[in-house]
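In what follows, a single structure is set out as structure tokens and then discussed.
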Amino acid sequence: MESVIFEDMRRAMVDSQLRTSGVNDAWVVAAMGTVPREDYVPAAHRTTAYMDRSILLDDGSILNPAVSTAMLLQAAEVRTDDVVLLVGKDNGYVADILKSRVQTITAVASDRLSQAQTGGPFSLIIIDGAAEELPPVLLGLAAEGARMVTGVIEGAVTRLAKGYVHKGKVALKSFADSEIAAIPGFARKPEFVF
């Protein structure tokens, strides 16, 4: 009985949150309509797993709202032959969604980027969180022309953004305002000011 309720909740999330936000990429819709989001949240939040909001997980990390996740994945234009680096929760919801689309995925926590060096170069980098600044080591893991999607922090606003890596640099262009949690280790370094 409980599984039927969660299936109904997933279907409602797809129909009333994803589709109404312009998410129509068939694989994103199918994967998010299948992967049980309730399995990735603390027991106390299972019944609210499909609400369009962030959820604090037991390890202190954040599960971003489903719409933010879906919009990032759609913007990433994930191809089945991509070599993907997922920066965020290495055993979480987004990783399992991606596994339904790609064969080659390396998922690492933001403080363990050095562990990803053997898996690259990556044709797609997905940062499951918002960054003020990207660490140089991250750009060194990207193939020339790699796509990158992330959240960006601009003052008090978070936005979703996409860019392409060229000669070790990336210019990110925002495409939507969206709630997305800051990712640890990607804060701007304080500048010295007189």
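The values are calculated or read from the model by the stated rules, or taken from the named source; none is laboratory data. Note that this is a predicted model, so its numbers are computed, not measured. Every residue, glycine as well, gets a Cβ built from its backbone with ideal geometry; the counts of neighbours run over all protein chains shown.
Given the structure, is Gly92 small (Gly, Ala, Ser), on the phi > 0 side of the Ramachandran plot and modelled with pLDDT under 95? When the stated conditions are applied, Gly92 does not pass them. Note on the range 1-54: residues that are without any contact (Cβ under 8 Å) to a residue 40 or more places away in the chain, surrounded by 14 or more Cβ atoms within 10 Å (Cβ to Cβ) and acidic (Asp, Glu) amount to 2. From the list Asp25, Asp111, Asp81, the one residue that fits, being closer than 21 Å to Met148 by Cα and modelled with pLDDT under 90, is Asp111. Taken over the range 66-90, the criterion of being surrounded by 21 or more Cβ atoms within 10 Å (Cβ to Cβ), in contact with a Ser or Thr (Cβ under 9 Å, 6 or more places away or on another chain) and part of a loop (DSSP other than H, G, I, E, B) is satisfied by Asp82, Gly88, Lys89.
Per-residue answers, yes or no, for (1) of a type in the set (A, V, I, L, M); (2) exposed (fewer than 14 other Cβ atoms within 10 Å of the Cβ); (3) more than 26 Å from Val67 (Cα to Cα):
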position: Arg112; (1), (2), (3): no, yes, yes
position: Gln117; (1), (2), (3): no, yes, yes
position: Pro121; (1), (2), (3): no, no, yes
position: Ala131; (1), (2), (3): yes, no, no
position: Val137; (1), (2), (3): yes, yes, yes
position: Val152; (1), (2), (3): yes, no, no
position: Lys167; (1), (2), (3): no, yes, yes
position: Ala171; (1), (2), (3): yes, yes, no
position: Asp177; (1), (2), (3): no, yes, no
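Just one residue in the set Leu113, Leu134, Leu124 is at negative phi, assigned to a helix (DSSP H, G or I) and not acidic (Asp, Glu); that residue is Leu113.
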